[in-house]
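None of the figures in this text is laboratory data; all of them are computed from the coordinates on show. Computed from a prediction, not measured in an experiment: that's the story for all the values here. Note that we place each Cβ from the backbone using ideal geometry, even for glycine, and neighbour counts take in every protein chain shown.
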Amino acid sequence: MLLTSRNIYLRFLRKSDAARCFAAIEESRHELEYHVIGPSRLPSVSEVEQLIERAKQQRRLRQGYFLGIFASPTNQYVGYVNLHGTGKQNRSGEVGYWVRTSQAGKGIATTATALIVLFGFKELKLHKILLRAAADNPASWRIAEKLGFVYEGTQRHEQLLPRGWVNLKCYSMLEDEYRQLRPLLTRLAKGKKA
């Protein structure tokens, strides 16, 4: 699968991407340990390879979609976006993302998140997509707001990071809201401003 924009493209990770992914994690380890639970716990290339294999299994079971974010036209690995918990029973999923430190602040996470939200509603026929971000990480939760997600509340001490318990701001988008927001999401998925 390939999702494209003018400045990035998303594709499923391959085992051959593991070393590039690990280099991005190493570059960003301080920020990851502060804000994101997953990648900061990957201490080696072989652990990244195992993550890529688990992601393939989740995709086969239609339980999650983990995509690498790559810069166009350089093909540099710049992060990931995922849509997980995509079971058929509730037709819902949760989006997560991370962009390496050297590429942060360029709108890449917003574009990648818009692309995967469009995929979730159009291709997977989801009813609801959830997005949670650390309450003290405004760069992350502003993405939800830019995309039109509705703020539901703050989950107290919801995630344990190396720095301690973190409150998460919780946002969601329902399929009827998506239909109204589709023009905005499409613009943002193309890498344009809102």
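Between Glu47 and Gln155, the distance separating the two model label sites (each 7 Å from Cα on the Cα→Cβ line) works out to 2.3 nm. Of the two radii for the chain, the radius of gyration is 0.93 times the Kirkwood radius, both from the alpha carbons; that is the Rg over Rh value.
For the pair Glu33 and Arg182 in one chain, pulling the backbone fully straight at 0.36 nm per residue adds 50.3 nm over the alpha carbon distance.
Each residue of segment 71-77 was assigned a 3J(HN,Hα) from its phi angle through the Karplus expression (A = 6.51, B = -1.76, C = 1.60, θ = phi - 60°), giving 6, 9, x, 6, 6, 5, 6 Hz with x at Gly and Pro.
Using just its DSSP H runs of length 4 or more, each adding -39500 (n - 2.57), the chain gives a mean residue ellipticity at 222 nm of -12500 deg cm²/dmol after division by all residues. Structure note, pairs Lys15/Lys122; Lys88/Lys169; Lys15/Lys88; Lys88/Lys122; Lys106/Lys193: Cα-Cα distances above 18 angstrom occur for Lys15/Lys122; Lys88/Lys169; Lys15/Lys88. Between Glu175 and Arg14, the simple label model (points 7 Å from Cα in the Cβ direction) yields a spacing of 3.5 nm.
Under a 5 Å amide H cut-off, with hydrogens placed 1.01 Å from N, Ile8 pairs with Ser72 among residues at least 5 apart or on other chains.
Computed from backbone phi with θ = phi - 60° and the Karplus coefficients 6.51, -1.76 and 1.60, the 3J(HN,Hα) list for segment 101-112 is 3, 5, 10, 5, x, 10, x, 5, 5, 5, 4, 4 Hz; x is used for glycine and proline.
Each residue of segment 113-119 is assigned a 3J(HN,Hα), and the resulting list reads 5, 4, 4, 6, 5, 4, 4 Hz, derived from the Karplus form 6.51 cos²θ - 1.76 cosθ + 1.60 (θ = phi - 60°), x at Gly and Pro. Placing a label point 7 Å from the Cα of Lys122 along the Cα-to-Cβ direction, the residues of segment 154-181 with a backbone N closer than 19 Å are 173-181.
Taking a sphere under 11 Å around the Cβ of Phe70 and counting the other residues whose Cβ falls inside, with K and R at +1 and D and E at -1, yields a net charge of +1. Longest stretch of the chain clear of exposed loop sites (trypsin sites (Lys or Arg not before Pro), DSSP loop, at most 16 other Cβ atoms within 10 Å, sites excluded): 15-61.
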